[in-house]
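Student: A single structure is presented below for examination.
The values are calculated or read from the model by the stated rules, or taken from the named source; none is laboratory data. None of these values were measured; they are calculated from a predicted model. When we count neighbours, we look across all protein chains shown, and the Cβ atoms used for this are built from the backbone with ideal geometry, even at glycine. Side chains included, ligands, DNA and RNA excluded: accessible areas come from the protein's heavy atoms. Shrake-Rupley method; radii C 1.70, N 1.55, O 1.52, S 1.80 Å.
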Amino acid sequence: QMKNYQQSDDLLTIAVSDPTTPASGDPVRIGSFCGVAVANEQSDGKTVVRVRGVVNVSVKGVDGSGNSAVAVGDKLYYVDTDTPKLSKKSSGTFFGYALGSVASGATAAIDVLLAN
(Lines give C-alpha, C1' and ligand atoms only; values in the text may rest on other atoms or scores of the structure.)
Protein backbone atom coordinates (compact mmCIF):
# COMPACT_ATOMS: atom_id res chain seq x y z
CA GLN A 1 0.00 0.00 0.00
CA MET A 2 1.41 3.35 -1.05
CA LYS A 3 1.63 6.04 1.60
CA ASN A 4 -0.55 8.36 -0.52
CA TYR A 5 -3.36 5.76 -0.87
CA GLN A 6 -6.68 7.23 0.26
CA GLN A 7 -9.51 4.75 -0.31
CA SER A 8 -10.85 2.07 -2.63
CA ASP A 9 -12.38 3.36 -5.86
CA ASP A 10 -15.64 1.39 -5.66
CA LEU A 11 -16.94 3.04 -2.47
CA LEU A 12 -16.31 6.74 -1.86
CA THR A 13 -17.11 8.81 1.22
CA ILE A 14 -17.91 12.16 -0.35
CA ALA A 15 -20.26 15.16 -0.32
CA VAL A 16 -22.79 14.66 -3.12
CA SER A 17 -24.17 17.39 -5.39
CA ASP A 18 -27.72 15.98 -5.65
CA PRO A 19 -29.97 15.14 -3.84
CA THR A 20 -29.60 17.53 -0.92
CA THR A 21 -29.88 14.77 1.72
CA PRO A 22 -29.24 11.34 0.18
CA ALA A 23 -30.81 8.24 1.71
CA SER A 24 -29.49 4.70 1.45
CA GLY A 25 -30.30 3.30 -2.00
CA ASP A 26 -30.71 6.70 -3.69
CA PRO A 27 -28.96 7.35 -7.00
CA VAL A 28 -26.73 10.39 -6.46
CA ARG A 29 -24.71 12.84 -8.55
CA ILE A 30 -21.27 14.05 -7.54
CA GLY A 31 -20.40 16.83 -9.98
CA SER A 32 -20.10 15.12 -13.37
CA PHE A 33 -20.20 11.49 -12.17
CA CYS A 34 -22.78 9.36 -10.39
CA GLY A 35 -23.30 6.49 -8.00
CA VAL A 36 -25.69 5.08 -5.41
CA ALA A 37 -25.76 5.94 -1.70
CA VAL A 38 -25.09 2.84 0.41
CA ALA A 39 -26.08 4.63 3.63
CA ASN A 40 -27.92 7.79 4.65
CA GLU A 41 -25.93 11.04 4.59
CA GLN A 42 -23.63 11.32 7.61
CA SER A 43 -23.70 14.17 10.13
CA ASP A 44 -20.56 15.63 8.48
CA GLY A 45 -22.47 16.05 5.19
CA LYS A 46 -20.69 13.20 3.44
CA THR A 47 -22.29 10.05 2.06
CA VAL A 48 -20.83 6.61 1.36
CA VAL A 49 -21.44 6.11 -2.37
CA ARG A 50 -20.94 3.04 -4.57
CA VAL A 51 -19.46 4.27 -7.85
CA ARG A 52 -18.54 0.95 -9.49
CA GLY A 53 -20.42 -2.24 -10.18
CA VAL A 54 -24.02 -3.18 -10.89
CA VAL A 55 -26.86 -1.56 -8.92
CA ASN A 56 -30.62 -2.08 -8.91
CA VAL A 57 -32.36 1.29 -9.30
CA SER A 58 -35.63 2.83 -10.47
CA VAL A 59 -35.55 3.93 -14.12
CA LYS A 60 -38.25 5.67 -16.20
CA GLY A 61 -38.84 4.79 -19.86
CA VAL A 62 -38.49 8.32 -21.24
CA ASP A 63 -35.98 10.32 -23.25
CA GLY A 64 -35.69 13.99 -24.23
CA SER A 65 -38.60 13.67 -26.69
CA GLY A 66 -41.05 11.82 -24.42
CA ASN A 67 -41.89 8.19 -23.69
CA SER A 68 -39.23 5.75 -24.89
CA ALA A 69 -38.68 2.14 -23.86
CA VAL A 70 -35.38 1.26 -22.19
CA ALA A 71 -33.53 -1.71 -23.70
CA VAL A 72 -30.52 -3.64 -22.42
CA GLY A 73 -27.39 -1.65 -23.24
CA ASP A 74 -29.08 1.76 -23.40
CA LYS A 75 -27.23 4.68 -21.84
CA LEU A 76 -28.97 6.08 -18.77
CA TYR A 77 -28.66 9.57 -17.33
CA TYR A 78 -29.25 11.24 -13.97
CA VAL A 79 -31.56 14.30 -14.08
CA ASP A 80 -31.61 16.33 -10.84
CA THR A 81 -35.20 17.55 -11.24
CA ASP A 82 -36.81 14.25 -12.29
CA THR A 83 -38.54 11.54 -10.23
CA PRO A 84 -37.17 8.97 -10.62
CA LYS A 85 -33.79 10.57 -11.38
CA LEU A 86 -32.78 8.01 -14.05
CA SER A 87 -33.92 7.82 -17.68
CA LYS A 88 -32.64 8.09 -21.26
CA LYS A 89 -32.69 11.93 -21.12
CA SER A 90 -29.21 12.75 -22.40
CA SER A 91 -29.48 16.28 -20.97
CA GLY A 92 -28.61 14.71 -17.61
CA THR A 93 -25.34 13.36 -16.23
CA PHE A 94 -24.27 9.98 -17.65
CA PHE A 95 -25.09 7.31 -15.04
CA GLY A 96 -24.53 3.93 -16.67
CA TYR A 97 -25.86 1.19 -18.93
CA ALA A 98 -29.23 -0.56 -18.62
CA LEU A 99 -28.97 -4.30 -17.94
CA GLY A 100 -32.76 -4.69 -18.04
CA SER A 101 -35.71 -3.24 -19.90
CA VAL A 102 -38.43 -0.73 -19.01
CA ALA A 103 -41.61 -0.26 -21.06
CA SER A 104 -42.19 3.09 -22.74
CA GLY A 105 -43.53 5.58 -20.18
CA ALA A 106 -43.27 3.07 -17.32
CA THR A 107 -41.01 3.08 -14.26
CA ALA A 108 -39.27 -0.08 -13.06
CA ALA A 109 -36.31 -1.14 -10.95
CA ILE A 110 -33.64 -2.68 -13.16
CA ASP A 111 -29.97 -3.55 -12.88
CA VAL A 112 -27.64 -0.85 -14.17
CA LEU A 113 -23.89 -1.05 -14.77
CA LEU A 114 -22.39 2.12 -13.28
CA ALA A 115 -20.37 4.11 -15.83
CA ASN A 116 -17.40 4.85 -13.60
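Student: Given the options V72, V28, V36, state which has the largest fluctuation in a GNM of the chain using a 10 Å cut-off (strictly under) for Cα springs.
Tutor: The residue with the greatest mean-square fluctuation here is V72.
Student: Given a Förster distance of 22 angstrom, what is the FRET efficiency for A106 paired with A23, based on the Cβ-Cβ distance and rounded to 0.05?
Tutor: The pair A106/A23 has a calculated efficiency of 0.40.
Student: To continue, here is another question. Give me the percent of accessible area attributable to carbon and sulfur for the chain, probe 1.4 angstrom.
Tutor: With neighbouring chains kept in place, the figure for the chain is 47 percent.
Student: Hey, any idea what Rg/Rh is for the chain, computing Rh the Kirkwood way over Cα pairs?
Tutor: Rg divided by Rh gives 1.01.
Student: Each residue of the range 44-60 in order: what ³J(HN,Hα) in whole Hz does its phi give by Karplus 6.51 cos²θ - 1.76 cosθ + 1.60, θ = phi - 60°, with x for Gly and Pro?
Tutor: Coupling constants for the range 44-60: 7, x, 9, 10, 7, 10, 7, 10, 9, x, 10, 10, 9, 9, 7, 10, 9 Hz.
Student: With contacts defined as alpha carbon pairs under 8 Å and 6 or more residues apart, what's the relative contact order of the range 1-62 in percent?
Tutor: On the way: 106 pairs, mean separation 19.6, N = 62.
So the answer I get is 32 percent.
Student: Once label points are set 7 Å from the Cα along Cα→Cβ at both A15 and A39, what is their separation, rounded to one decimal in nm?
Tutor: My value for the distance between the label points is 1.9 nm.
Student: Considering amide H positions built from the backbone, and no H for Pro or chain starts, which residues 5 or more places from V59, or on another chain, come under 5 Å of its amide H?
Tutor: HN-HN under 5 Å from V59: A108, A109, I110.
Student: Please report the spacing between the Cα centers of the range 61-83 and the range 87-110 in Å, no decimals.
Tutor: 4 Å
Student: Follow-up question, since we're still on this one. When only C-alpha pairs under 8 Å and at least 6 residues apart count, what is the relative contact order of the chain, in percent? Don't skip to the end; give the middle numbers.
Tutor: Values: 313 pairs, mean separation 27.6, N = 116.
After rounding, I find 24 percent.
Student: Additional query: So which trypsin sites (Lys or Arg not before Pro) in the range 1-109 are both in a DSSP loop and have at most 16 other Cβ atoms within 10 Å of their Cβ? Walk me through the intermediate numbers first.
Tutor: Numbers: sites: K3, R29, K46, R50, R52, K60, K75, K85, K88, K89; in loops: K3, K46, R52, K85, K88, K89.
Passing sites in the range 1-109 are K3, K46, R52.
Student: Still on this structure: Taking 0.36 nm per intervening residue step and subtracting the Cα-Cα distance, what contour gain separates S91 from L113 on full extension? Please list the in-between numbers first.
Tutor: Values: separation 22, 0.36 × 22 = 7.92 nm, distance 1.92 nm.
Between S91 and L113, full extension yields an extra 6.0 nm.
Student: Next question. With every protein chain left in place, what is the accessible area per residue of the chain in square angstrom, probe 1.4 Å? Please report the intermediate quantities before stating the final value.
Tutor: Numbers: 6140 Å² over 116 residues.
Normalised by residue count, the accessible surface of the chain is 53 Å².
Student: Quick one: how many lysine pairs in the chain have C-alpha atoms under 26 angstrom apart, if they're 8 or more apart or on different chains?
Tutor: Value for the chain: 9.
Student: Further question: Could you pull out every residue, at least 5 positions away or on a different chain, whose amide H is within less than 5 Å of the one on F95? Hs are placed 1.01 Å off N in the peptide plane, and Pro or chain starts have none.
Tutor: L76, Y77, Y78
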